[in-house]
Amino acid sequence: MGLAIPGIGAILAAGPIVAALTGAGAGVVAGGFIGALTGLGVDDAQAEYYAEAVRRGAALVTVRVDESRTDEAESILRNHGAFDIEDRVVKWKSEGWTRYDPDAEPYSFDDLERNRTRYRGAPPPLGR
């Protein structure tokens, strides 16, 4: 299911996160997105990282797999452009970013394209 969240952008969601977000109604805001993630057990800081990544044009994709298929799932995601959020946050912080700001202006189309182009290429390995 695709959702557009004001101040965040578009996300692709399925399963429990859809229920959490759509349960908040059509007027979901950034706090609802972050709250949905933390309600699913995602650490507050991580939830803000994901919100910032989506605001910058990334897509958040979650996958629930049996532990025996974790490597396969990571490989599929990596082969389709997945990146390690911690590595991306290190880059943002080196450029002066400190934390997710729900009041920040949304990225323009041109900003999104510049950001996506900047990070194209070989993604760093997932999982540390």
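For region 59-78, enumerate the residues that are closer than 28 Å to residue 112 by Cβ and free of Cβ contacts under 8 Å to residues at least 24 places away in the same chain.
Within region 59-78, 63, 73, 75, 76 meet the criteria.
Quick check on my filter: what residues within region 49-78 are surrounded by fewer than 12 Cβ atoms within 10 Å (Cβ to Cβ) and at pLDDT below 85?
Scanning region 49-78 gives a single hit, 64.
Of all residues being within 19 Å of residue 61 (Cα to Cα) and open to solvent by 50 Å² or more (accessible area, probe 1.4 Å) in region 84-120, which is modelled with the highest pLDDT? Just the residue, please.
Among those residues, the one meeting the criterion is 86.
Inspect region 100-120 for any residue being of a type in the set (Ser, Thr, Tyr) and assigned to a helix (DSSP H, G or I) and give the result as yes or no. Outline the logic, then answer.
Here is the first cut: in region 100-120, the residues of a type in the set (Ser, Thr, Tyr) are 100, 107-108, 117, 119.
Filter again for assigned to a helix (DSSP H, G or I), leaving 117.
Scanning region 100-120 turns up at least one residue that is of a type in the set (Ser, Thr, Tyr) and assigned to a helix (DSSP H, G or I).
The values are calculated or read from the model by the stated rules, or taken from the named source; none is laboratory data. Since we're looking at a predicted model, the values are computed, not measured. So basically every Cβ, Gly included, is an ideal-geometry build from the backbone, and we count neighbours across all protein chains shown. Accessible surface areas use protein heavy atoms only, side chains included; no ligands, DNA or RNA. Shrake-Rupley method; radii C 1.70, N 1.55, O 1.52, S 1.80 Å.
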